[in-house]
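Enquirer: The structure is given below, and queries will be raised subsequently.
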């Protein structure tokens, strides 16, 4: 079957990873870029064009041999792309005759043109009801006009505010933070003679990003904007350095809203492909769109391993060719992943230690994937990335990946001449997988045995007192909160008319394990019956009276159904139980029962 | 960091996938093969050599620019490899001066030489205590000598037996099944003038294969032979067409023995890299080694997706470079996978439908990965493969992959001019996520309510009667079997001295939900206490007396922790419960309690 050819403007690392995805799929890519660019190293054919992706003649030469055109960078001449997609350009047909040809350009030249002007882009988003930071254009006809305009911005937005160039900025270049009126002149000088705009300073809690795959029919009608999961991005020196999936401390509600905002953005753009939407999460929970990239993006590299069935690169290809399965959901196939960029260090060999780490760090709880781009190392240059994949929470993965993170930080510190910020261990407390609650602090003694088991198995958990009778509203809020994400199992202990476990079960879809705590009368039977005899429809898995140990073990068995790591620890624990009994039996055989009993009694 | 260069003899699909793995790792591969061979399409550099991997001069040209040499095919000249690895060959140094150079060859030329002679290879295995089929060399000095020798084999092994060429056979070519003395002459003619041997006919149940990664220090001392999981391979027309991981009906014991045998084989060979060991599983459970390939192999393609942290290709590279992490286990990261080869069909476009399927079949339960090799289609030629990955049992995956299997079978049928064998649906029952068991059929009435809930939620389950007291061995076997994979939760119901749920819990690491069934006396309290009051260490999550509905709902909540699909259904169910009660209250308000009660009583 003759596959259509996709022409690609630019052959850097994004193009290279696009080629790596295309190869096994039998999709032909023709790359326009220098002879030995990263993409061409991974894809050899006689369709490539040697030259600059900014050269109109070369772009047309490429287009002449392709069925589709796409980009790995948005800083391209959209006039040419518009001509190729709509008006037609001159090409030779099979007989060498010159004909007019048009081919589809994805994403659309319209999208790329809009994205190139950051001010216009955000005006457009405002018009479409998408949340962005407040902005105003800065006059630059004369120094006086600019100064007046900056003054106006300072009044309107307060200080500090951001002064940004509308066009051509990339990886944070072309941004200036105005802290005081003294900065006006310096900023004007630094930013040069380009269209500028002022943006309200947004003190954000965290940066989030969502990749979105956009499919569209041949008439340019949107089929679907499908979001990938939300990630947390870390920027240093205005370069993305780390990406956490899932974000470390973000509620399901925020995640859902971030995906919604990202899809709204991409639904309002044009053409097929993947799009990165970078956002700020504010202290008050609001989300603002910061940047949009109409192409595969650093924040989506993790999808190669985390969403392998449809990485951002495969999605770019399949959406362009319109071969995305109808019911495909971009669901991750692993619970957590961390991407770190390999940035060139102070020395050409500075990053070697990072590469070396990828050869030793793999284990049963952690996979480490190296991606080198075939680029020469220069200080601060993106020459590769590493994706670590974990089989439990992102907090656990972050812990396991500490050597990678430390190496990145140290290489950066050496490069920029700074000291490495000390690592704050307290920030890395695991987000709970198990929530433990009890009706009263008098239950804590009984429940503590289970908490110790959770500690022993390395299960992150939280403990709360939420009385069904005295704080019904707190109990409901607790059940609702823990049901949102992260927590997989709830353990609830209560005594007497022990309603807490069952009531919690009514408020959650999660499995609930009830621990009947023996109260002052009836020997715990009251507690047991109150917990176990739930009405049909609302189950509560009940454990023996006072046996919080078993509640914790049951919770770990449940975790084991999704985290192989815990299943393995449970098996090891069970082998331990066996070994203990065998050892006791051997001792009993060796010493005789009388001596054994004597020793036992002596220990009491 | 200057990476060593690995020279590769042969640039077919194995070489291509090796290059695909090497690229992101920054490992340089120099390929000796034709200009546009599959491997060179995926890897462009100025180290490649154009020519035949059988040409001694070209091999030396390649070796001159490499630090290691490896192969993607075993039909290579081992004299040259021995010279390169031990005696040294003439190469030019950086100043153009001719020097003697030796470089390591992995796997060793000794291994390749042994593998090339299938008779000698098996004699060696026999000597090392590795199980193989009985064999004897066939004299071929004259027609009479050959005839006598064949006669001797017929007496020794019975009829039928296999006549095999010792050298140069590949994908089953060079084998002849001797059914009667009449075949002697035909066989002699067909096999031509080559060294022959006879092999006892082995009627096998199933073909198994294990890839093994062999690491070795620089002195040639074995470090470790690490097995991948066992797979089941299907051969048609003497070509591997399908690979099932895990095998569909094979006990853990057989799997462990197959891995052991494979490691024994590979431990007794020489050099680094991955090795395929193909085996026969006989009816009586014995395992015989059939073939060994000292290189990546068709039966290991599934590792690209199923063991992504160390696919067979990455393992080949890392073992050659001696950069395998110490504690790396080749554990699969998915529960099941199925590989089918794309073989060229009767028409050059026959296989297109198979490729098309990969574009539509992906879903939340199934990932489909296409690998095209950049080869022209010819009837029966391996031009690509497809790996499907499933998230529960291999049986469920096989069911989901039915369209792929059917398309393969139909393309083959068209090519060889046969009818497609009808598909036996009964073999493809979904593998359970929940296992339900009870001590006696008298419990079935109570348990049936829960089974209906599982049906309503679309949960695949199995139901067994396994009495703790009457069939303790069946109960243990059941618990061991369901703990192996697929099943995530066990529900066990029992009455009276209800030991089954707790005993099952002792035999598994999975969460167990116990249903106390009310027996003839004590109103079910005996059952409840027997189930809930488990000793510390072995938890059993207990549900209200006779309440199998809640047991099923609890099981579904647990499934919801790893399958979002079930969490969503549980939420919807809980909304339904709410709606029901609201509706009843509205009705009560509307009709008054007397009419309501009357209607209720009338329904009874």
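Enquirer: Any idea which residue in the range B:385-401 is surrounded by the fewest Cβ atoms within 10 Å (Cβ to Cβ), counting only those that are over 12 Å from the mean Cα position of the chain (by Cα) and within 15 Å of residue B:359 (Cα to Cα)?
Expert: Among residues in the range B:385-401 that are over 12 Å from the mean Cα position of the chain (by Cα) and within 15 Å of residue B:359 (Cα to Cα), the one surrounded by the fewest Cβ atoms within 10 Å (Cβ to Cβ) is B:400.
Enquirer: While we're here: Take residue B:130 and decide whether it is crowded, with 17+ Cβ neighbours inside 10 Å, touching a residue at least 40 places away in the same chain (Cβ under 8 Å) and outside any loop (DSSP other than H, G, I, E, B). Walk me through it before giving the result.
Expert: On the way: crowded, with 17+ Cβ neighbours inside 10 Å: yes; touching a residue at least 40 places away in the same chain (Cβ under 8 Å): yes; outside any loop (DSSP other than H, G, I, E, B): no.
Considered against the rule, which asks whether it is crowded, with 17+ Cβ neighbours inside 10 Å, touching a residue at least 40 places away in the same chain (Cβ under 8 Å) and outside any loop (DSSP other than H, G, I, E, B), residue B:130 comes out as no.
Enquirer: Of the residues that make up the range B:340-347, is at least one in a strand (DSSP E or B) and facing another protein chain (nearest Cβ under 7 Å)? Can you show your working first?
Expert: In the first step, residues of the range B:340-347 are kept if they are in a strand (DSSP E or B); the result is B:340-343.
Now drop any that are not facing another protein chain (nearest Cβ under 7 Å), which leaves none.
The answer is no; no qualifying residue exists.
Enquirer: How many residues are part of a loop (DSSP other than H, G, I, E, B) and more than 31 Å from the chain's Cα centre (by Cα) if we restrict to the range A:64-76?
Expert: 3
Enquirer: Ok, one more. Would a scan of the range B:106-120 turn up a residue that is farther than 22 Å from residue B:163 by Cα, in contact with a strand residue (DSSP E or B) (Cβ under 6 Å, 6 or more places away or on another chain) and modelled with pLDDT of 95 or more?
Expert: yes
Enquirer: Sticking with this one: Do we have any residue at all in the range A:98-105 that's part of a helix (DSSP H, G or I), in contact (Cβ under 8 Å) with a residue 24 or more places away in the chain and in contact with a strand residue (DSSP E or B) (Cβ under 7 Å, 6 or more places away or on another chain)?
Expert: Taking every residue of the range A:98-105 in turn, none turns out to be part of a helix (DSSP H, G or I), in contact (Cβ under 8 Å) with a residue 24 or more places away in the chain and in contact with a strand residue (DSSP E or B) (Cβ under 7 Å, 6 or more places away or on another chain).
Enquirer: Out of everything in the range B:359-401 that is in contact with a helix residue (DSSP H, G or I) (Cβ under 7 Å, 6 or more places away or on another chain) and away from every other protein chain (no Cβ under 12 Å), what residue ends up being nearest to residue A:21 (Cα to Cα)?
Expert: B:382
Enquirer: Also, I was wondering about something else. Could you figure out which of (1) free of Cβ contacts under 8 Å to residues at least 40 places away in the same chain; (2) surrounded by fewer than 20 Cβ atoms within 10 Å (Cβ to Cβ); (3) within 26 Å of residue B:208 (Cβ to Cβ) isn't true of residue B:309?
Expert: Among (1) free of Cβ contacts under 8 Å to residues at least 40 places away in the same chain; (2) surrounded by fewer than 20 Cβ atoms within 10 Å (Cβ to Cβ); (3) within 26 Å of residue B:208 (Cβ to Cβ), residue B:309 violates only (2).
Enquirer: Suppose we filter the range B:372-384 for residues that are in contact with a strand residue (DSSP E or B) (Cβ under 7 Å, 6 or more places away or on another chain), surrounded by fewer than 22 Cβ atoms within 10 Å (Cβ to Cβ) and assigned to a loop (DSSP other than H, G, I, E, B); how many remain?
Expert: 4
For (1) farther than 30 Å from residue B:104 by Cβ; (2) part of a strand (DSSP E or B); (3) at pLDDT below 95, each residue gets a yes or a no:
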| residue | (1), (2), (3) |
| --- | --- |
| B:304 | no, no, no |
| B:315 | no, no, no |
| B:323 | no, no, yes |
| B:330 | no, no, yes |
| B:357 | yes, no, yes |
| B:370 | yes, yes, no |
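Enquirer: From the list A:588, A:577, pick out the single residue that is assigned to a helix (DSSP H, G or I), within 7 Å of another protein chain (Cβ to nearest Cβ) and farther than 22 Å from residue A:432 by Cα.
Expert: Details: A:588 fails: within 7 Å of another protein chain (Cβ to nearest Cβ).
Of the residues listed, the single one that is assigned to a helix (DSSP H, G or I), within 7 Å of another protein chain (Cβ to nearest Cβ) and farther than 22 Å from residue A:432 by Cα is A:577.
Enquirer: Of the residues that sit in the range B:251-269 and are surrounded by fewer than 19 Cβ atoms within 10 Å (Cβ to Cβ) and either in contact with a helix residue (DSSP H, G or I) (Cβ under 8 Å, 6 or more places away or on another chain) or in contact (Cβ under 8 Å) with a residue 60 or more places away in the chain (or both), which one is farthest from residue B:323 (Cα to Cα)?
Expert: B:252
Enquirer: Moving on. Restricting to the range A:187-227, count the residues that are part of a strand (DSSP E or B) and either in the same structural domain as residue A:302 (by TED's automatic domain parsing) or in contact (Cβ under 8 Å) with a residue 60 or more places away in the chain (or both). Spell out how you get there, then give the answer.
Expert: Of the residues in the range A:187-227, the ones part of a strand (DSSP E or B) are A:196-200, A:204-216, A:222-227.
Narrowing the set further to residues that are either in the same structural domain as residue A:302 (by TED's automatic domain parsing) or in contact (Cβ under 8 Å) with a residue 60 or more places away in the chain (or both) leaves A:197-200, A:204-216, A:222-227.
Total meeting the criteria: 23.
Enquirer: Follow-up. Of all residues in the range B:542-555, which are within 9 Å of another protein chain (Cβ to nearest Cβ), touching a helix residue (DSSP H, G or I) at 6+ places or on another chain (Cβ under 7 Å) and closer than 26 Å to residue A:488 by Cβ?
Expert: Hits for the range B:542-555 are B:542, B:543, B:544, B:549, B:551, B:552, B:553.
Enquirer: Then there's this: Sort out which residues of the range B:467-494 are assigned to a loop (DSSP other than H, G, I, E, B) and at pLDDT 90 or above, and write them in order of number.
Expert: Start the filter on the range B:467-494 by keeping residues that are assigned to a loop (DSSP other than H, G, I, E, B), which leaves B:467-471, B:483-488.
Scanning the range B:467-494 gives a single hit, B:488.
Enquirer: Identify all residues within the range B:157-176 that are at pLDDT 90 or above and loosely packed, with under 13 Cβ neighbours inside 10 Å; write none if there are none.
Expert: The answer is B:158, and nothing else.
Enquirer: Suppose we filter B:243, B:230, B:274, B:292 for residues that are in the same structural domain as residue B:411 (by TED's automatic domain parsing), under 27 Å from residue B:413 (Cα atoms) and surrounded by 21 or more Cβ atoms within 10 Å (Cβ to Cβ); which single one remains? Break it down stepwise before answering.
Expert: On the way: B:230 fails: under 27 Å from residue B:413 (Cα atoms); B:274 fails: under 27 Å from residue B:413 (Cα atoms); B:292 fails: under 27 Å from residue B:413 (Cα atoms).
Unique residue meeting the criteria: B:243.
Enquirer: From the list A:272, A:214, A:257, which residue is modelled with pLDDT of 95 or more, more than 25 Å from residue A:21 (Cβ to Cβ) and more than 14 Å from the chain's Cα centre (by Cα)? Step through it out loud before you land on a result.
Expert: Working: A:272 fails: more than 25 Å from residue A:21 (Cβ to Cβ); A:214 fails: more than 25 Å from residue A:21 (Cβ to Cβ).
Selected residue: A:257, the only one of A:272, A:214, A:257 that is modelled with pLDDT of 95 or more, more than 25 Å from residue A:21 (Cβ to Cβ) and more than 14 Å from the chain's Cα centre (by Cα).
Enquirer: Hey, any hits in the range B:77-93 for a residue that's away from chain A (no Cβ under 14 Å), part of a strand (DSSP E or B), over 23 Å from residue B:112 (Cα atoms) and in contact with a helix residue (DSSP H, G or I) (Cβ under 6 Å, 6 or more places away or on another chain)?
Expert: yes
Enquirer: Look through the range B:133-148, keep the residues that are more than 27 Å from residue B:263 (Cα to Cα) and in contact (Cβ under 8 Å) with a residue 12 or more places away in the chain, and return whichever of them is surrounded by the fewest Cβ atoms within 10 Å (Cβ to Cβ). Outline the logic, then answer.
Expert: In the first step, residues of the range B:133-148 are kept if they are more than 27 Å from residue B:263 (Cα to Cα); the result is B:138-148.
Now drop any that are not in contact (Cβ under 8 Å) with a residue 12 or more places away in the chain, which leaves B:138, B:140, B:143, B:146-147.
Numbers: B:138: 25, B:140: 17, B:143: 11, B:146: 19, B:147: 16.
Of everything passing the filter in the range B:133-148, B:143 is surrounded by the fewest Cβ atoms within 10 Å (Cβ to Cβ).
Conditions (1) in contact with a strand residue (DSSP E or B) (Cβ under 7 Å, 6 or more places away or on another chain); (2) in a strand (DSSP E or B); (3) away from chain A (no Cβ under 14 Å); (4) at pLDDT 95 or above, marked per residue:
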site	(1), (2), (3), (4)
B:2	no, no, no, no
B:8	yes, yes, yes, yes
B:18	yes, no, no, yes
B:22	yes, no, no, yes
B:29	yes, yes, no, yes
B:35	yes, no, no, no
B:54	no, no, yes, no
B:57	no, no, yes, no
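Enquirer: Sort out which residues of the range A:37-50 are more than 10 Å from chain B (Cβ to nearest Cβ), out of contact with any strand residue (DSSP E or B) (no Cβ under 6 Å at 6 or more places or on another chain) and either modelled with pLDDT under 95 or not in a strand (DSSP E or B) (or both), and write them in order of number.
Expert: If the condition is that a residue be more than 10 Å from chain B (Cβ to nearest Cβ), out of contact with any strand residue (DSSP E or B) (no Cβ under 6 Å at 6 or more places or on another chain) and either modelled with pLDDT under 95 or not in a strand (DSSP E or B) (or both), then A:37 is the only one that fits.
Enquirer: Looking at B:584, B:594, which is the one that is within 21 Å of residue A:538 (Cβ to Cβ), more than 37 Å from the chain's Cα centre (by Cα), surrounded by fewer than 20 Cβ atoms within 10 Å (Cβ to Cβ) and not assigned by TED's automatic domain parsing to the domain that holds residue B:452?
Expert: Values: B:594 fails: within 21 Å of residue A:538 (Cβ to Cβ).
Of B:584, B:594, the one residue that is within 21 Å of residue A:538 (Cβ to Cβ), more than 37 Å from the chain's Cα centre (by Cα), surrounded by fewer than 20 Cβ atoms within 10 Å (Cβ to Cβ) and not assigned by TED's automatic domain parsing to the domain that holds residue B:452 is B:584.
Enquirer: Would you confirm, using the coordinates I've provided, whether residue B:309 is more than 7 Å from chain A (Cβ to nearest Cβ) and in contact with a strand residue (DSSP E or B) (Cβ under 6 Å, 6 or more places away or on another chain)? Please lay out each step first, then the result.
Expert: Details: more than 7 Å from chain A (Cβ to nearest Cβ): no; in contact with a strand residue (DSSP E or B) (Cβ under 6 Å, 6 or more places away or on another chain): yes.
Judged against the criteria, residue B:309 is not a match.
Enquirer: So, one more: Which pairs do you get when a residue that is on the phi > 0 side of the Ramachandran plot and more than 8 Å from chain A (Cβ to nearest Cβ), found in the range B:521-541, comes within reach of a residue that is in a loop (DSSP other than H, G, I, E, B) and surrounded by fewer than 19 Cβ atoms within 10 Å (Cβ to Cβ), reach meaning Cβ atoms under 9 angstrom, with the pair 6+ apart or on two chains?
Expert: What qualifies is B:524/B:518.
The values are calculated or read from the model by the stated rules, or taken from the named source; none is laboratory data. Computed from a predicted model, the values in this text were never measured in an experiment. Quick reminder, even Gly has a Cβ in these numbers, built from the backbone with ideal geometry, and neighbours come from all protein chains shown.
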